[in-house]
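A.B. asks: Can you read through this structure? Questions will come right after.
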Amino acid sequence: MKKNLSFILIAFFLFTSLSPSVQAQTTYDADLDSVYRVNGEYTMTPLHHCDTFKFGGRVVNNGTGTITDVAVAISYSTAFQDTLKFDSIQAGAADSSLSTLGFMPTAVGSYTFDYETDISETDANTANNDGTNSFEITDTVFAREKATPANGLGFTGGSGYIGQRFSLKVADTITSITFYLDNPTIGDSCKAHIHNWNGNIPGSIIQTTKTVSIIAGQNWYTAMLECPAIVTSGDYFASVEQLTTNNLQLGFTNINTFAYTVYYDGGAGWTAVDSIAVTTLEKAVLGLRVNVGPYDTYREVNITASKDTVCELSQVLVSGDKIADYSWSPASLALSPTSQNTFFRLSTATEITVVADFGCGLTATDSLIIFVKKSPTATVTPDTSICAGNSITLEAAGGTSYRW
């Protein structure tokens, strides 16, 4: 019996000594699988039509144990800081969360938001905990510079229009249209238009750009509207018109698209490209953007003077800061009453006013006052006769300093 008992004790000891080495060790690994931005379908978003952005993230548990107190800190410098909270995520599972706070861009430029994941446990792999979300705020609608369009749309042997629908969330001023031509014929020409949106097809033309000539080595073109289009919020349509018989090759892409956005008219009326039986054209969006700007930019002029105080009948130069047709007043005192820069010859303090006409019914005014120092009126002791050798005191008045 003693021999058998010893054997059992030895066997038990060996079993207990070996068992820890064969058990699987629990691991914890939080993987920030993806990050995203809400209310931002496009990489580029117009400043004047930004929504409040929110940010989200998806965390995957790649470990074998449940991770707890999962949090993803989001920051953009000191302007925005928030945290995505997930509580716990079981092994092999994933969860998504959205920021509580919103971010409203206030300036044109690039924005990069940093993400950093943290858990209560010791994370076995911290290389997959971080992420970034970058986007750009522009002065444009349907901006496509970061996704250069490939291939091109146009008409062979004739003229026509190709364009896309867009929305303005607030009233604004449309100033120009930028578009991408993939492989156009050098020397050809085209122009762009802003249309009303007529229910489900493009409507009447609101404004047209100046004609653009195609030159070698250039793909992006910006055509200025003949007159800025001051529009309300709502849907509109921007088109590029092919003026020659060669294919215009207006670029398009299939990234970040909406159905029934692009339409063309080769003479038989407007047709959506979605209705064409070509796979590459389904939900296409053009290399085209509509440039907008503050309304006041085109209704403001500022004038400056070389001096704010002058001597009587001396000249002062007054200038306007915008290119426009100028009308200065009082016109009779201006040497060039219709020039951007003019001299005034003043004898008394005068308010100078200008009306700047930008065309298209857009005018602006500004004014300033120039003060005038009157010439001194000098007096001196009246004529007096004295005998030779005598002296007399002469007294002058009317000035601040004198030279006899």
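The values are calculated or read from the model by the stated rules, or taken from the named source; none is laboratory data. Computed from a prediction, not measured in an experiment: that's the story for all the values here. Every residue, glycine as well, gets a Cβ built from its backbone with ideal geometry; the counts of neighbours run over all protein chains shown. Side chains are part of the model used for accessible areas, which takes the heavy atoms of the whole protein and leaves out ligands, DNA and RNA. Shrake-Rupley method; radii C 1.70, N 1.55, O 1.52, S 1.80 Å.
A.B. asks: By how many degrees, 0 to 90 and rounded to 10, does the Cα axis of helix 2-22 deviate from the longest principal axis of the chain?
C.D. replies: 20 degrees
A.B. asks: For every other residue with a beta carbon closer than 14 angstrom to the beta carbon of LEU225, add +1 if it is Lys or Arg and -1 if Asp or Glu, then tell me the sum. Don't jump to the answer; show the numbers that get you there.
C.D. replies: Details: positive: LYS191, LYS210, ARG289; negative: ASP172, GLU226, GLU241.
Local charge sum for LEU225: 0.
A.B. asks: Over segment 62-105, with every protein chain in place, what whole percent of the accessible area is carbon and sulfur at 1.4 Å, could you tell me? Present the calculation step by step, with values, prior to reporting the outcome.
C.D. replies: Numbers: 1020 of 2320 Å².
The value for segment 62-105 is 44 percent carbon and sulfur by accessible area.
A.B. asks: Could you state how much accessible area GLU351 has, in square angstrom rounded to the nearest 10, with a 1.4 Å probe and all protein chains kept in place?
C.D. replies: Estimated to the nearest 10 Å², GLU351 gives 110 Å².
A.B. asks: Over segment 286-404, with every protein chain in place, what whole percent of the accessible area is carbon and sulfur at 1.4 Å, could you tell me?
C.D. replies: Looking at segment 286-404 in its full context, I get 52 percent from C and S.
A.B. asks: One quarter of the convex hull surface, Cα atoms only: what value does that give for the chain in nm²?
C.D. replies: Numbers: hull surface 183.9 nm².
Dividing the Cα hull surface by four gives the mean projection, 46.0 nm².
A.B. asks: While we're looking at this one, here's another question. What is the chain's relative contact order, in percent, from Cα pairs under 8 angstrom and six or more apart in sequence? Don't skip to the end; give the middle numbers.
C.D. replies: Working: 963 pairs, mean separation 49.0, N = 404.
This gives 12 percent for the chain.
A.B. asks: Another one. With the cut-off at 24 Å, tell me which of the pairs LYS307/LYS373; LYS322/LYS374; LYS169/LYS322; LYS210/LYS322 have Cα atoms farther apart than that.
C.D. replies: Numbers: LYS307/LYS373 12 Å; LYS322/LYS374 33 Å; LYS169/LYS322 29 Å; LYS210/LYS322 20 Å.
Cα-Cα > 24 Å for LYS322/LYS374; LYS169/LYS322; rest within.
A.B. asks: Right, here's the next one. What percent do you get for the relative contact order of segment 102-241 when only Cα pairs under 8 Å and 6+ apart count? Kindly include the intermediate steps, with their values, before the conclusion.
C.D. replies: Values: 239 pairs, mean separation 36.6, N = 140.
Rounded, it is 26 percent for segment 102-241.
A.B. asks: At a 4.7 angstrom Cβ threshold, list every cysteine in the chain that has nobody to pair with, or say none.
C.D. replies: Result for the chain is CYS50, CYS190, CYS311, CYS387, no neighbouring Cys Cβ within the cutoff.
A.B. asks: Further, regarding this structure: I need the trypsin sites (Lys or Arg not before Pro) found in segment 370-404, filtered to DSSP loop residues with at most 15 other beta carbons within 10 Å of theirs.
C.D. replies: On the way: sites: LYS373, LYS374, ARG403; in loops: LYS374, ARG403.
Answer in residue order: LYS374, ARG403.
A.B. asks: Go ahead and set up a Gaussian network model of the chain, Cα springs under 10 Å, then flag whichever of ASP130, ASP87, ASP265 fluctuates most.
C.D. replies: Greatest mean-square fluctuation among the candidates belongs to ASP87.
A.B. asks: Dipole of the chain, Cα-centred, from +1 at each Lys and Arg C-beta and -1 at each Asp and Glu C-beta, to the nearest 20 debye? Please report the intermediate quantities before stating the final value.
C.D. replies: Details: 21 positive and 38 negative charges, 59 e Å.
Roughly 280 debye for the chain.
A.B. asks: OK, next. If DNA, RNA and ligands are ignored and the probe is 1.4 Å, what is the ranking of CYS360, CYS50 by accessible area, most exposed first? Walk me through the numbers on the way to the answer.
C.D. replies: Values: CYS360 60, CYS50 20 Å².
I get CYS360, CYS50, largest accessible area first.
A.B. asks: Could you give me D for segment 247-404, from Stokes-Einstein at 4 °C and 1.567 mPa s, where the hydrodynamic radius is the Kirkwood radius over C-alpha pairs? Units µm² s⁻¹, please.
C.D. replies: On the way: Rh = 22.5 Å.
Diffusion coefficient, whole number: 57 µm²/s.
A.B. asks: Rounded to a whole number, what is D in µm²/s for segment 82-226 from Stokes-Einstein with the Kirkwood radius over alpha-carbon pairs (25 °C, 0.890 mPa s)?
C.D. replies: Values: Rh = 20.2 Å.
Reported coefficient: 122 µm²/s.
A.B. asks: For ALA378, what is the net charge nearby, where nearby means another residue's Cβ is under 12 Å from its Cβ and Lys, Arg count +1, Asp, Glu -1? Write out the running numbers ahead of the final one.
C.D. replies: Working: positive: ARG403; negative: GLU395.
Spelling it out: positives minus negatives among the neighbours equals 0.
A.B. asks: What figure in square angstrom, to the nearest 10, would you give for the accessible area of LYS54 with a 1.4 Å probe?
C.D. replies: 70 Å²
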